[in-house]
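To start, the structure under review is shown below, and the notes come after it.
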Amino acid sequence: MSKKKGKKKKPTRDETSEKIAKYAMIGAWSYPAYELIKQLGRIVLTLVKHK
């Protein structure tokens, strides 16, 4: 009994480009999102101090 090993299907050029574009967009938004969260934290601290 010989078992055939299934050959892994390579992603097409379009699928690879799509994946790269998706991760590039995530990376592009990560820094602005970090800055926004940091500023929201400062606003909350300021509001708590003034109460």
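By how many nm would the segment from residue 25 to residue 46 grow when fully extended, if each residue of separation counts as 0.36 nm and the alpha-carbon distance is taken off? Let's see the in-between values first.
Working: separation 21, 0.36 × 21 = 7.56 nm, distance 3.22 nm.
Length difference between fully extended and current span is 4.3 nm.
Determine the gain in length on full extension of the stretch residue 12-residue 36; use 0.36 nm per residue of separation and subtract their C-alpha separation, reporting nm with one decimal.
Difference between extended and current length: 5.0 nm.
Find the lysine pairs in the chain meeting two conditions, Cα atoms under 26 Å apart and a separation of 8 or more places or different chains, and report how many there are.
10
Please label the shape of the chain as rounded, prolate or oblate, based on the square roots a ≥ b ≥ c of the eigenvalues of the alpha-carbon gyration tensor (a/c under 1.5 means rounded; beyond that, a/b larger than b/c means prolate, else oblate).
Here the chain falls in the oblate category.
Where a number appears in this text, it was derived from the coordinates with a stated rule and is not lab data. Since the structure is predicted, the reported quantities are computational estimates derived from the model, not experimental observations.
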